[in-house]
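See below for the structure under consideration.
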Amino acid sequence: MVIKDGAKMSKSKGNVVSPDDMVARYGADSARMYSLFAAPPDRDLDWQEDGVAGVSRFLGRVWRIVTKYAPVARTAGAQKVDAPAGLSLKLLRKLHQTVAKITLDFEGRWHFNTDVAAIMELVNEMQAADAQLASGEVPAPVVRELLRSLMLILAPFAPFLAAELWEELGEDGAILRAPWPKSDPQLAK
């Protein structure tokens with residue numbers, strides 16, 4: 001059930017939010033992701049336009065971080081991450097924990113709101129490491145794995161943005177045909 005201003009949304013009450021207006025203002029991915037983020041599937045959704053705007057700002061942050069570090073990721077090619085330590089290990093641990101959580105939820109729990117929150121936490125950690133990413137302290141193969149996996153886990157929630165950034169990363173083929181990332185149990189601890 002979608003609630004707006006304390007009442008169930010309905011045409012007769014005149015409190016319906018047009019999805020077309022939300023898509024025109026914030027984009028389809030923002031409207032979709034907000035709907036998935038705002039409440040678990042077994043609870044009512046209290047619609048708030050500020051929430052859609054917040055998701056739109058978050059997706060803008062994702063856009064900026066991926067476009068900023070896509071050139072670094074492309075230089076890594078197919079190199080594998082080798083014995084991460086320090087900040088690289090911390091970022092990869094958060095990534096693998098996020099992948100594990102979302103994978104588990106997709107297997108039956110379907111609480112997408114917590115999945116979106118986990119993606120937001122991952123992006124926050126990546127942004128907190130911006131200076132180290134910019135200085136090259138985090139090796140290119142780690143940056144590639146972070147950005148590539150971020151796009152793969154974001155794709156079910158924001159498919160248009162993820163597809164665009166997938167191409168920016170220089171990846172071949174459609175993102176929705178790419179295999180789901182696997183979580184390393186050792187890194188996810």
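Within the stretch 50-73, being of a type in the set (Ser, Thr, Tyr) and over 26 Å from Asp21 (Cβ atoms) holds for Thr67, Tyr69.
Conditions tested, residue by residue: (1) modelled with pLDDT under 95; (2) open to solvent by less than 60 Å² (accessible area, probe 1.4 Å); (3) over 18 Å from Met120 (Cα atoms); (4) outside any loop (DSSP other than H, G, I, E, B).
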site	(1), (2), (3), (4)
Asn15	yes, yes, yes, no
Asp21	yes, no, yes, yes
Arg25	yes, no, yes, yes
Gly51	yes, yes, no, yes
Phe58	no, yes, no, yes
Val62	no, yes, no, yes
Val72	no, yes, yes, yes
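State whether the residues of the stretch 140-156 include one that is open to solvent by 30 Å² or more (accessible area, probe 1.4 Å) and of a type in the set (S, T, N, Q). Within the stretch 140-156 (the criterion being open to solvent by 30 Å² or more (accessible area, probe 1.4 Å) and of a type in the set (S, T, N, Q)), the answer is no, since none of the residues qualifies. Of the residues making up the stretch 82-117, those that are in a loop (DSSP other than H, G, I, E, B) and free of Cβ contacts under 8 Å to residues at least 24 places away in the same chain are Ala83, Ala85.
Only one entry in Asp115, Asp172, Asp105 is more than 12 Å from the chain's Cα centre (by Cα) and either among the small types (Gly, Ala, Ser) or under 16 Å from Leu95 (Cα atoms) (or both), namely Asp105. In the stretch 127-136 there is at least one residue that is aliphatic (A, V, I, L, M), part of a helix (DSSP H, G or I) and closer than 18 Å to Thr75 by Cβ.
The values are calculated or read from the model by the stated rules, or taken from the named source; none is laboratory data. These numbers come from a predicted model, not from an experiment. Virtual Cβ from ideal backbone geometry, glycine too; neighbours counted across all protein chains shown. The protein model used for the area step is the full one, side chains on, heavy atoms only, and it has no ligands, DNA or RNA in it. Shrake-Rupley method; radii C 1.70, N 1.55, O 1.52, S 1.80 Å.
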